Amino acid sequence: SGILSSKVERVHSTMMNADMDAVEAENQVELEEKTRLINQVLELQHTLEDLSARVDAVKEENLKLKSENQVLGQYIENLMSASSVFQTTDTKSKRK
């Protein structure tokens, strides 16, 4: 009876160890998955920060170009108004 009891205890102990190993393996897989997801989230956050900075830079460049275009447009308008080539002709006064 003592031998049988000892064998039962060893089998029981082996089964418990196997269960514990399975739980540890499952925990390890979950930990690795969590780590992978955290790294992915951090990478996406950095990408978002980079894109946001790029959008801000493009907006700033766009405003600068709009301002330059207004200045150039005004300059061209002034040149055209000062040039006789672009002046409207009065046909009545030329006939006289």
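So for the pair Glu77, Val29, with labels modelled 7 Å out along Cα→Cβ, what separation do we get in nm? The answer from the label model is 7.1 nm. Taking 0.36 nm per residue of separation and subtracting the Cα-Cα distance, full extension of the segment from Gln40 to Ala57 would add 3.6 nm. The string of couplings for the range 72-77 from the Karplus curve (6.51, -1.76, 1.60, θ = phi - 60°) is 5, x, 5, 4, 5, 4 Hz, one whole number per residue in order, with x for Gly and Pro.
Rule-based calculations on the coordinates, nothing more; no lab input. The shown structure was predicted, so the numbers you read here are calculated from the model rather than taken from an experiment. Please note: Cβ atoms are built from the backbone with ideal geometry, for glycine as well, and neighbour counts cover all protein chains shown.
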